[in-house]
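Report on the following structure.
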Amino acid sequence: MKINKRKMISLLSVLLVLVMVFAVGCGGSKAPAQNGNANADDDKVYKFTGGIQPPATHPTAVSMQKFADLVKEKTNGKVLLTVLPDAQLGGERELLEGVQLGTVDFSNITTTIVANAVPQYLVFDLPFLFANDQAVYSYFDSKDGRDLLKNCEAKNMKGLGYLNNGFRVTSSNIPIKKADDVKGLSIRTQENQLHMATWKALGAQPTPLAMQDLYTALQQGVVGAQENPFSVIASFGLYEIQDYISETNHINSMTVTMFNKAKWDSIPAKYQDAIMEAWAEVEKYDRGAKEEALKADIAKMEAAGTTVIRSTDIDLNSFKEKVQSVYTQYEGQVGKDLLDSILKR
């Protein structure tokens, strides 16, 4: 049977169209593999650089490096954190601004400085708010303590958690055993209104100075005393030029580890989870390490000839009585509800 040439062409055209449709359909099923690999992020390495103020030998710097090591391990090398100690990226004020702006990816900063951006943290600069480390951990491990981290997000920061620098103590060239001993004493403090108000209430003369300038200021007699945790006094060598350290334990020095919010949001969720898991391990490690470091620091300073006056030999009640006016003055500013939630624990 003869087939009309025109019909043959039409039939072939139809067959060709069907073949093309089939081919496109099959090709479409492979499109994700060719044009959008769903696992493409698995090949990406996320690198972040953070800065901290303490030198590399400081226990907090050691803990932050352990954090970086754990993150690398738990993400199989897909998230790499570089921690630059010793204020290489600036002091704590510059680091806080850097994290907010994104010029510093992450940092660990004292609540005293963080309060400049997140005012809820100002309350922790009230004197004698916590009796001991157990009371500190009880609050910061609670839901109330962890919920405070959420306030960082409004300032373009993601709060991960806390490290404890310990209680602030007082070093000087005179023995301090009661509140009257600091009357008229020129003492270096952080540039913090509550710290300065506390020392003014005690009759001292608070002088804010950058940490980097403190050693020279003490050497030259610009100030006669200073107050910091034992770990800071040890790592900055301040005990070398101060005869006495009095364990006044007047303010606890907690720190917050924070990421720039945009940088944090750029990390895939599975890696964020791994980072938080690493951080939880670091918090536990840090507490044990700080206890051992405190013992070693005190032993080192005493061996160097510095006299450490323990809290049991100090009339702490004389200090507490004189600073009650600071609570009255700042209760409204720090937030009465927040203060009450801490005091009732």
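The values are calculated or read from the model by the stated rules, or taken from the named source; none is laboratory data. Treat the numbers as computed from the prediction; the structure is a model and nothing was measured. Cβ atoms come from the backbone with ideal geometry, glycine included; neighbour counts cover every protein chain shown.
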From the list Gln100, Gln34, Gln88, exactly one residue is at pLDDT 95 or above, under 48 Å from the mean Cα position of the chain (by Cα) and assigned to a helix (DSSP H, G or I). Which is it? Gln100
Does Asp243 satisfy being acidic (Asp, Glu), under 26 Å from Ala56 (Cα atoms) and over 25 Å from the mean Cα position of the chain (by Cα)? yes
Checking the structure you have, find out if any residue of the stretch 84-95 is over 22 Å from Gln272 (Cβ atoms), touching a Phe, Trp or Tyr at 6+ places or on another chain (Cβ under 6 Å) and either buried (at least 16 other Cβ atoms within 10 Å of the Cβ) or not aliphatic (A, V, I, L, M) (or both). no
Scan (1) farther than 30 Å from Gln272 by Cβ; (2) in contact (Cβ under 8 Å) with a residue 24 or more places away in the chain; (3) surrounded by fewer than 20 Cβ atoms within 10 Å (Cβ to Cβ) for the single condition Asn151 breaks and write down its number. (1)
How about the stretch 213-240: which of its residues are in contact with a Ser or Thr (Cβ under 9 Å, 6 or more places away or on another chain), free of Cβ contacts under 8 Å to residues at least 40 places away in the same chain and β-branched (Val, Ile, Thr)? Val222, Val223
Check Val232, Val223, Val182 and return the single one that is surrounded by fewer than 23 Cβ atoms within 10 Å (Cβ to Cβ), closer than 28 Å to Ala293 by Cβ and of a type outside the set (Ser, Thr, Tyr). Val223
Scan the stretch 105-127 for residues that are out of contact with any His (no Cβ under 6 Å at 6 or more places or on another chain) and not in a helix (DSSP H, G or I) and jot them down. Asp105, Phe106, Ser107, Asn108, Ile109, Thr110, Ala115, Asn116, Ala117, Val118, Leu126
Identify the single condition in (1) surrounded by fewer than 19 Cβ atoms within 10 Å (Cβ to Cβ); (2) under 26 Å from Val62 (Cα atoms) that Asp144 does not satisfy, given that it satisfies every other one. (2)
For the stretch 145-186, which positions are assigned to a helix (DSSP H, G or I), within 29 Å of the chain's Cα centre (by Cα) and of a type outside the set (Gly, Ala, Ser)? Arg146, Asp147, Leu148, Leu149, Lys150, Asn151, Cys152, Glu153, Lys155
Are there any pairs with C-beta distances below 7 angstrom linking a residue in the stretch 180-207 that is of a type in the set (S, T, N, Q) to a residue that is part of a helix (DSSP H, G or I), with the two at least 6 apart or on different chains, and if so which? Thr189/His195; Thr189/Met196; Thr189/Trp199; Gln190/Thr112; Asn192/Thr112; Asn192/Asp125; Thr198/Val326
Cβ contacts < 8 Å: first residue surrounded by 17 or more Cβ atoms within 10 Å (Cβ to Cβ), restricted to the stretch 64-75; second residue of a type in the set (Asp, Glu), any location; separation 6+ or different chain. Result? Leu70/Glu281; Lys74/Glu277
Got a number for residues in the stretch 162-191 being on the phi < 0 side of the Ramachandran plot and either among the small types (Gly, Ala, Ser) or touching an Asp or Glu at 6+ places or on another chain (Cβ under 6 Å) (or both)? 10
Quick check, is Thr306 of a type in the set (Ser, Thr, Tyr), under 16 Å from Val169 (Cα atoms) and surrounded by fewer than 13 Cβ atoms within 10 Å (Cβ to Cβ)? no
Checking the conditions here, which among Asp297, Asp286 is closer than 30 Å to Asp105 by Cα and either without any contact (Cβ under 8 Å) to a residue 12 or more places away in the chain or surrounded by 15 or more Cβ atoms within 10 Å (Cβ to Cβ) (or both)? Asp286
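Please pick out the residue among Ala87, Ala154 that is of a type in the set (Gly, Ala, Ser) and under 29 Å from Thr248 (Cα atoms).
Selected residue: Ala87, the only one of Ala87, Ala154 that is of a type in the set (Gly, Ala, Ser) and under 29 Å from Thr248 (Cα atoms).
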